[in-house]
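What follows is a set of notes on a single structure, which appears directly below.
The values are calculated or read from the model by the stated rules, or taken from the named source; none is laboratory data. Being a predicted model, the structure only gives us computed values, none of them experimental. Here Cβ is always computed from backbone atoms with ideal geometry, including for glycine, and neighbour counts include all displayed protein chains.
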Amino acid sequence: MTRLLIRGGRVLDPAVDMDQLADVLLEDGVIRAVETGIEVRGAEVLDAAGCWVAPGFIDLHTHLREPGQEYKEDIASGGRAAVAGGFSAVACMANTDPVNDDPSVTDFILDRARQDSPARVHPVAAATKGLKGVVMTEMSALRDVGAVAFSDDGKTIMDTGVMRNVLEYSRLVNVPVIVHAEDRTLVGDGVVNEGPVSTRLGLPGNPAAAEDIHVARDLTLARLTGARLHVAHVSSAGAVLLIRRAREDGIQVTAEVTPHHLTLTDEATLGYDTNTKMAPPLRSRADVEACRAALAEGVIDAIATDHAPHAVHEKEVEFNEAPPGILGLETAFPVVLDLVRLGELEPLELMRRMSTAGARILGVSGGCLAVGQPGDVVVLDPEGRWTYDPAKGYSKSRNSPWAGQELTGRVIATVVGGNTVYHSDRGVLVG
Ligand code: DOR
Ligand code: ZN
């Protein structure tokens, strides 16, 4: 029998609103006890004094790039980056090559993940073939092999009739649809938030209205169909307002926001750093504040990284030409810990948005430290300081706006299925 005792930490279990000093005992891969003063023989002991002990983080939005773009990331490197960032599970987006629009691709990803990834991997399948927004994928077949959600992320389904059908079918197979909400006709060539910053930079703007309008459309369709809609990477105050109202009206909508949209404004782009280019773009101070308030209120349920690796040569080009997206897995915790330091979120609520919410939205295990649950746990030092160097991280890519910065908040250990797969002293610990 394998036993791991995580001793003396501040246990934060959002699933049962627990916030107290306790020990956590894992036995044979599952949580066996959460109590004070656990004494057992023959257990490996992890000293968590001064640390937080929470359910392993669950990322709703990761791009693992395999199959097809392994020079940016693959399931092995992305899985390592995940556990180094405290994530015991990630949902991976379908914009791979080939696109994950067929059960054979979903199967391939799950197979690779079992062999190569220390983190659990939950595939998100495409909603339409080839992400083209025209022909729906075979949702029940994809669900049956393990797809946990459907999304054309990276692209937007512009045809409203197709989106209606996607939502109708998703309801029949009881799987949520994750929407990347940007009206492409309004985005146009836009590469940075439309406003004073785009003017100063002399770059084409992408207006917040592109997001607001698309969110309004999809909320209307969610009401019409009764489907479960999940809005990815909310970035605008307008979208927040619409989602808040929809929830008040009883529409089944959930939402996520990224660490970057919570902490950076479009002013970060003033130096033309392509590591501040993403879709949707960084927005104004007022948008950031609206996202933060919505997260605190619970109108936005979850923090999701949108970990989007791109190679150095792809990002070292003119701003207009660079692909959108930044790394997120290895920096998410310290970046969002700022919200706790500023008094905007209690630690327990931060853990809910990093873990429990994702499990609930996707209907996967984890996000909870109840006895009998899978032993997926993260141990965090909220005071730990370190300097982030993407070259020393686990991702294959380096595209981060936090490169070289000193960050506060460290992952001490990540445990998946009762096995310590990452420890800050020893690094990633599996094959
Ligand atoms: O910034 C982004 N990068 N947004 C997306 O929707 C796609 C992603 C990517 O795949 O690189
Ligand atoms: Zn997206």
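With respect to the conditions (1) closer than 29 Å to Ala227 by Cα; (2) part of a helix (DSSP H, G or I); (3) more than 16 Å from ligand 2 (Cβ to nearest atom), Glu314 falls short on a single one, namely (1). When restricted to residues that are closer than 20 Å to Pro309 by Cβ and not in a helix (DSSP H, G or I), the stretch 258-277 contains 4. For Arg10, state whether it is among the charged types (D, E, K, R), part of a strand (DSSP E or B) and buried (at least 17 other Cβ atoms within 10 Å of the Cβ). When the stated conditions are applied, Arg10 passes them. For residues that are in contact (Cβ under 8 Å) with a residue 60 or more places away in the chain and part of a helix (DSSP H, G or I), scanning just the stretch 287-303, find the one that is farthest from ligand 2 (Cβ to nearest atom). Ranking the qualifying residues of the stretch 287-303, first place goes to Ala294.
Selection of the stretch 249-261 for residues being crowded, with 23+ Cβ neighbours inside 10 Å and within 16 Å of ligand 2 (Cβ to nearest atom) yields Ala255, Glu256, Val257, Thr258, Pro259, His260, His261. Would you pick out the residues in the stretch 147-180 that are in contact with a helix residue (DSSP H, G or I) (Cβ under 6 Å, 6 or more places away or on another chain), more than 16 Å from ligand 1 (Cβ to nearest atom) and closer than 20 Å to His307 by Cβ? Hits for the stretch 147-180 are Ala147, Val148. Residues that are over 21 Å from Val134 (Cα atoms) and more than 16 Å from ligand 1 (Cβ to nearest atom) within the stretch 181-202 comprise Glu194, Gly195, Pro196, Val197, Ser198, Thr199, Arg200, Leu201, Gly202, listed in sequence order. Before we move on, is Ala246 aliphatic (A, V, I, L, M), at pLDDT 95 or above and either within 16 Å of ligand 2 (Cβ to nearest atom) or surrounded by fewer than 21 Cβ atoms within 10 Å (Cβ to Cβ) (or both)? So Ala246 fails the test. Where helices (runs of 4 or more DSSP H) fall entirely within the stretch 63-167, none has at least 3 residues that are within 16 Å of ligand 2 (Cβ to nearest atom) and more than 29 Å from Thr331 (Cα to Cα). For Val336, the requirement of being away from ligand 1 (no atom under 16 Å from the Cβ), over 28 Å from Ser77 (Cβ atoms) and not small (Gly, Ala, Ser) is not met.
Residues are listed down the side, and each one gets a yes or a no for (1) at pLDDT 95 or above; (2) within 14 Å of ligand 1 (Cβ to nearest atom); (3) of a type outside the set (A, V, I, L, M); (4) more than 19 Å from the chain's Cα centre (by Cα):
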residue	(1), (2), (3), (4)
His233	yes, yes, yes, no
Ser236	yes, no, yes, no
Val253	yes, no, no, no
Glu256	yes, yes, yes, no
Leu262	yes, no, no, no
Met278	yes, yes, no, no
Ser284	yes, no, yes, yes
Val288	yes, no, no, no
Val299	yes, no, no, no
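On inspection, Asp306 does not qualify as surrounded by 18 or more Cβ atoms within 10 Å (Cβ to Cβ), closer than 29 Å to Arg360 by Cα and away from ligand 2 (no atom under 16 Å from the Cβ).
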